[in-house]
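In what follows, a single structure is set out as structure tokens and then discussed.
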Amino acid sequence: MGVVNVTPDSFSDGGRWFDTTVAVKHGLDLVAEGADLVDVGGESTRPGATRVDEAEELRRVIPVVRGLASEGVVVSVDTMRASVAEQALASGAALVNDVSGGLADPAMIPVVAAADAPFVVMHWRGFLQGGNVKGVYEDVVGEVVDELHARVEAVLAGGIAPERIVVDPGLGFSKEAEHDLALLAHLDRLHALGHPLLVAASRKRFLGRVLAGPGGAPPPARERDAATAAVSALAAHAGAWAVRVHEVRATADAVRVARAVEEAREEGARAVRARTTGTTPDAEGVRGADGDR
Ligand code: PMM
């Protein structure tokens, strides 16, 4: 999932894609680099950001959604507002990505349910006005899993079909670096919620912390893409459905390699099974004549 932030103030790429034509071109470039879908957002969610009003969010997002969808791009809309989600879906968006998991706007779940659209439910503990508040955990993985489970239940109760729900740990949202790393170390527990998993680590603060080392200065957001690609490989290996990134090429390569390694592991397991059961790997289709592997 490639990111197009149509904002003047996102922490990672603020202002670069603020113009509609430039934003659409950027989304198409991300697809050419390997993105399967493009996430379009018009409101920065960085800590302390002031909310944009509805009219301005619509003005930023809808033309970009329409422009990309008309080119055949699978578009996701990154919004906490039901009205923006509704108009984006009507303009060709295929998926709604709500960092509040439906908490910020009570009309969101009904709108998504009525459209029968896929819905990303992110772990969220509220607006982060005044810093990284509410980021206190005793057991971050357990608490995030439990809180996401509760949101999934609410979303299901609101009429969104189970197969439409994607879950996301919300890296960096009310979380310090050690929380983000613990969540990445235990993606299997998020996976166990039984829904496709989206991981959005791209350029985030915890990567800056890791790269800085003890006492060092974190590199700026745009110098965190190699680290992002590394997390993408790890997330893909852990079974993530998608990774949300600003720079697609490196991540697309990382995901391809992770997939190839996974396939080699599966082939190895098949070969071992074949040895112990007497069937040949070819008989199991490892190198099938139909060329489908
Ligand atoms: N993070 C940001 C924006 N949208 N959506 C999902 N599902 N998960 C996230 O972690 C997430 C998101 C903030 O990052 P940006 O400002 O670089 O887009």
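Nothing in this text is a laboratory measurement; each read-out follows from the coordinates by a stated rule. Just so it is clear, the model here is predicted, and its values are computed rather than measured. Because the Cβ atoms are built from the backbone with ideal geometry, glycine has one as well, and the counts that use them run over all protein chains shown.
Just add up the charged neighbours of VAL112: K/R +1, D/E -1, any other residue whose Cβ is under 14 Å from the Cβ of VAL112. Result for the local shell: -3. In a Gaussian network model over the chain where Cα atoms closer than 10 Å are linked, find which of VAL199, VAL31, VAL272 has the largest mean-square fluctuation. Taking springs between Cα atoms under 10 Å, the residue moving most is VAL272.
Within a straight-line Cα-Cα reach of under 28 Å, LYS25 can be paired with the following lysines, leaving aside sequence neighbours fewer than 8 residues apart in one chain: LYS204. Once the Cα atoms of helix 54-70 and of the chain are each reduced to a long axis, what angle between those two axes, in degrees from 0 to 90 to the nearest 10, is obtained? The answer is roughly 40 degrees. Amide H to amide H, with H built 1.01 Å from N, ALA200 comes under 5 Å of GLY170, LEU171, ARG244, counting only residues 5 or more places away or on other chains.
Electrostatic tally near THR228: other residues with Cβ closer than 9 Å to its Cβ, Lys and Arg +1, Asp and Glu -1, net +1.
Extent along the principal axes, Cα only, for segment 68-191: 44, 29, 27 Å, with the longest axis given first. For segment 52-106, taking Cα atoms only, Rg and Dmax work out to 10.6, 32 Å respectively. Which one, GLU57, GLU266, GLU147, has the greatest fluctuation when you compute a Gaussian network model over the chain with C-alpha springs under 10 angstrom? Largest GNM mean-square fluctuation: GLU266. Per-residue ellipticity at 222 nm, computed for the chain from helices alone with -39500 (n - 2.57) per DSSP H run of at least four residues, works out to -14000 deg cm²/dmol. Considering the chain as a Gaussian network with a 10 Å cut-off on Cα pairs, which listed residue, THR21, THR50, THR277, attains the greatest mean-square fluctuation? Judging by the Gaussian network model, the answer is THR277. Mean sequence separation of contacting Cα pairs (under 8 Å, at least six apart), scaled by the length of the chain, corresponds to a relative contact order of 14 percent. Shown in residue order for segment 140-154 are the 3J(HN,Hα) couplings computed by the Karplus curve 6.51 cos²θ - 1.76 cosθ + 1.60 at θ = phi - 60°: 4, 5, x, 5, 5, 4, 5, 5, 5, 4, 5, 5, 4, 4, 5 Hz (x for Gly and Pro). When segment 35-133 is described by a simple charge dipole with +1 on each Lys and Arg Cβ and -1 on each Asp and Glu Cβ, the residue from ALA115, VAL40, GLY72 located farthest towards its positive end is VAL40. Placing unit charges on the Cβ atoms only, positive for Lys and Arg and negative for Asp and Glu, gives the chain a dipole magnitude near 480 debye about its Cα centre.
With only the Cα atoms considered, the chain has a convex hull volume of 153 Å³ per residue.
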